[in-house]
Every structure is written in structure tokens, then in C-alpha cells.
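**Student:** What follows is a single structure, and I will ask about it in a moment.
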Amino acid sequence: MVEILSKELVETLKPLENPKFLATKDNTGEPNIALVMSWTVYPDGKTLVYGEFMNNKTRKNLEAGNNEIGLLVMTTDLDNWLIRADFESYHRNDEFYEFMVMTPLFRYNQYTSARSVGVAHPLWSSPNYKISKPSVLLSYVKAKLAARKIPTVETDEGNMPRNVMERFSWMAAVKAIAFVEDDGYLSLFPSFGIVPASSNRLVVHRSEEKRRGLELKDGQRVAVSLVTLEPAAFQVKGTFRVISDSVGVIDLDRVYACSAPRPGVRVDIPMLERI
């Protein structure tokens, strides 16, 4: 029997400090992406589990029955894998919960505790896609050059505040794109070749998309996660537009803060309009 999760991938999943991004969708098919570091492998070696404590939109999507998920697993050396899985349910006060609360992330942390444990069953995993430092630099430079040719379009929503736009300009920030495939499952991949063309438009160099055999379509809804070492995390959502086989643009219409003190709050519209 062929193992869905390779030994290398299992070993990468175990350390809770390795970055993991979870992609879900809502009832309309809108993608959502969140950094969920607590994903790991249950001792049976084939079941995926994570401790849920601050991902309200993700939980809402999954509890609505949208069980097709995608998981991007990375190392600090930028090795990365895509996993497609079926989410089963949230557990509490059982063996899955006891396993998770005894992991270092929760056992020795007096400030956070898992509200419940999400359980998922992997269906498929990709090979290890290694990303070299020269390729990071090359995709970033090509995206910067392409951004000069993208016109500015004014909109009321989707405008990144200055601090978010600045971080999207950083080459070292980890950025991941998620979208819904035709079969309903989520695909996601890291992309360091993403830079702002303006406050509401992101240019994407499509090298990492293409080398994985993925295909973002014109008009496709996408979600992008940005994580820095500060730590700070943001999510933007928008519509993908094909410029060429190597360049795309995301027209933004939503910008969210994803870290404390107010994770999940929109930051692209004035506070008074959100009340």
C-alpha cells in the first residue's frame, strides 16, 4: 500500500514551529487561507490533527460542511509540500484532544489552549518542492519589473494600509496563494514573487504556480497570506487577472489583519463603516 504522507513529510509536520498554511472555502466557494502552526501527525502516522484556538473564519467554513481542504507545509529552508485532505470534524475530550494539549505548543503555554482539535484525513500529497534563494530573488525582481507596467485603478475597498503594503514589498516575507480547484479542493503554494503595483493591486510572478502544474484562471478568486518574522500576519482576497503566461495581477477587494490583538478584522475600510 502506497503511503500518502512520505516519511520526510511526516517528519516535517511534527515540529510545531514549521510553517503550515490551511486553505478552506465558504458556501459560495470563496477561498480562505490561514497560518495554522499546530498541524501535526497523530501517532498512527496517517491522520492529520491541529489545535484550534484563534481561527474563527476557518472554523466557520469547516463547520458549514466545506470539508475539502488544502494544507501547505514548509520548512525554514523553504522545502514545501501541498496536501489535499478531507476534514472530518472537531474533537474535544477524547484521545485526539489529549494528544494535542500535551504537545509543547499548548502544554507549556499559559496564555493559549486548544478549544478543540480538528481532524483530517489526507487524500494526496505532492513531492517536495525545494525553493532556492536565487530563485526567490529572481521571481521577486521579475515581479518588481512587471509592477511598473500595471496601471493604477481607484477603488473604495481592498486598499492595503501603508503597513500592509510595505510588508508585501518585503522579499523575505512568506507569501502563500490559495484558490479552489474545479474538483472543490483547495490548492495553495508559496510565492515570493508577489509585490504591490498599487495599494489595491498585487503583481504575481507565476513561476511557482507553473512548476507545480497548477493553473490560475482569469477571474478566479484567490486568497493570499502574508507572514513576517515580527511576527505579523495579514490576508488579502481578490480576483486574479492573467497578464501573460508568466505574470498575473490580483485586484484586491478585502484586506484582513490575522494576528493579535484583533485577528480577522478588515483593515481596508474605515472602522466606522465596520460598526
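The values are calculated or read from the model by the stated rules, or taken from the named source; none is laboratory data. All values derive from a computational prediction rather than experimental measurement. Positions of Cβ are generated from backbone atoms using ideal geometry, with glycine treated the same way; all protein chains shown enter the neighbour counts. With ligands, DNA and RNA removed, areas are computed over all heavy atoms of the protein, side chains included. Shrake-Rupley method; radii C 1.70, N 1.55, O 1.52, S 1.80 Å.
**Student:** In a shell of Cβ-Cβ distance under 14 Å around Gly184, excluding Gly184 itself, what net charge do Lys and Arg (+1) and Asp and Glu (-1) give?
**Tutor:** Neighbourhood net charge equals -4.
**Student:** Which whole-Hz ³J(HN,Hα) couplings does the stretch 179-196 yield from phi under the Karplus relation 6.51 cos²θ - 1.76 cosθ + 1.60, θ = phi - 60°, glycine and proline marked x?
**Tutor:** Per-residue couplings from phi come out as 7, 8, 7, 4, 7, x, 7, 9, 10, 8, 8, x, 8, 7, x, 10, 9, x Hz.
**Student:** Explain nothing, just the number: dipole magnitude of the stretch 175-240 about its Cα centre with +1 on each Lys and Arg Cβ and -1 on each Asp and Glu Cβ, in debye rounded to the nearest 20.
**Tutor:** It comes to approximately 200 debye.
**Student:** Within 10 Å of each candidate Cβ there may be at most 15 other Cβ atoms; applying that plus a DSSP loop requirement, which GluC sites (Glu not before Pro) in the stretch 1-86 survive?
**Tutor:** Answer in residue order: Glu3, Glu17.
**Student:** Quick one: accessible surface of Phe53, probe radius 1.4 Å, all protein chains present, in square angstrom to the nearest 10.
**Tutor:** Approximately 70 Å² for this residue.
**Student:** Moving to a separate point now. Order Ser126, Ser132, Ser199 by their accessible area, 1.4 angstrom probe, all chains in place, largest first.
**Tutor:** Ser132, Ser199, Ser126
**Student:** On to the next question. How much space per residue, in cubic angstrom, does the convex hull of the C-alpha atoms of the stretch 150-231 take up?
**Tutor:** Here the figure is 116 Å³ per residue.
**Student:** Also, quick follow-up: For Thr239 and Arg162 in the same chain, what is the full-extension length gain: residue separation times 0.36 nm, less their Cα-Cα distance, in nm?
**Tutor:** Roughly 25.6 nm would be gained on extension.
**Student:** Still on this structure: Could you work out how much longer the chain between Ala172 and Thr47 gets when fully extended? Use 0.36 nm per residue separation minus the Cα distance between them, nm to one decimal.
**Tutor:** Stretched out fully, the Ala172 to Thr47 stretch lengthens by 41.8 nm.
**Student:** Roughly how many nanometres apart are two label points built 7 Å out from the Cα toward the Cβ at Lys133 and Val265?
**Tutor:** With each label point 7 Å from Cα toward Cβ, the separation is 3.8 nm.
**Student:** Now, a different point. Going through the stretch 107-193, which trypsin sites (Lys or Arg not before Pro) have at most 16 other Cβ atoms within 10 Å and a DSSP loop state?
**Tutor:** Arg115, Lys130, Arg148, Lys149
**Student:** Which value at 222 nm does the chain reach when only helices count, each DSSP H run of 4 or more adding -39,500 (n - 2.57), with the total divided by all residues and rounded to the nearest 500 deg cm²/dmol?
**Tutor:** -5000 deg cm²/dmol
**Student:** Quote to one decimal, in nm, the extra length available between Asp182 and Asp251 on full extension: 0.36 nm per residue of separation minus the C-alpha distance between them.
**Tutor:** 22.7 nm
**Student:** Pop out the ³J(HN,Hα) list for the stretch 29-45 in order, Karplus 6.51 cos²θ - 1.76 cosθ + 1.60 with θ = phi - 60°, rounded to Hz; leave Gly and Pro as x.
**Tutor:** x, 6, x, 9, 9, 9, 6, 10, 5, 7, 4, 7, 9, 5, x, 6, x
**Student:** Then there is this: Filter Lys20/Lys46; Lys149/Lys175; Lys60/Lys237 down to the pairs with a C-alpha to C-alpha distance above 19 Å, please.
**Tutor:** Violating the 19 Å limit, Cα to Cα: Lys149/Lys175.
**Student:** Which of Asn32, Asn56, Asn67 moves most in a GNM of the chain, Cα contacts under 10 Å?
**Tutor:** Residue with maximal mean-square fluctuation among Asn32, Asn56, Asn67: Asn56.
**Student:** With +1 on each Lys and Arg Cβ and -1 on each Asp and Glu Cβ, and nothing else charged, work out how big the dipole of the chain is about its Cα centre, in Debye to the nearest 20.
**Tutor:** Computed about the Cα centre, the dipole is about 880 debye.
**Student:** I'd like the Karplus ³J(HN,Hα) series for the stretch 235-249: coefficients 6.51, -1.76, 1.60, θ = phi - 60°, whole numbers in Hz, and an x wherever there's a Gly or Pro.
**Tutor:** Ordered by residue, 3J(HN,Hα) equals 10, 10, 10, x, 10, 7, 10, 7, 9, 7, 5, 10, 9, x, 10 Hz.
**Student:** Quick one: if the Förster radius is 35 Å, what FRET efficiency do Ala232 and Leu123 give, using the C-beta to C-beta distance and rounding to 0.05?
**Tutor:** 0.60
**Student:** Right, here's the next one. What does the charge count near Lys7 come to, summing +1 for each Lys or Arg and -1 for each Asp or Glu among other residues with Cβ under 14 Å from its Cβ?
**Tutor:** Computed value for this residue: -2.
**Student:** Next question, about the same structure. Does anything in the stretch 234-266 have its amide N under 13 Å from the 7 Å Cα→Cβ label point of Asn56, and if so which residues?
**Tutor:** Those under the cut-off are 257-266.
**Student:** Can you check what the net charge comes to around Ser169, using other residues whose Cβ is under 12 Å from the Cβ of Ser169 (Lys, Arg +1; Asp, Glu -1)?
**Tutor:** +3
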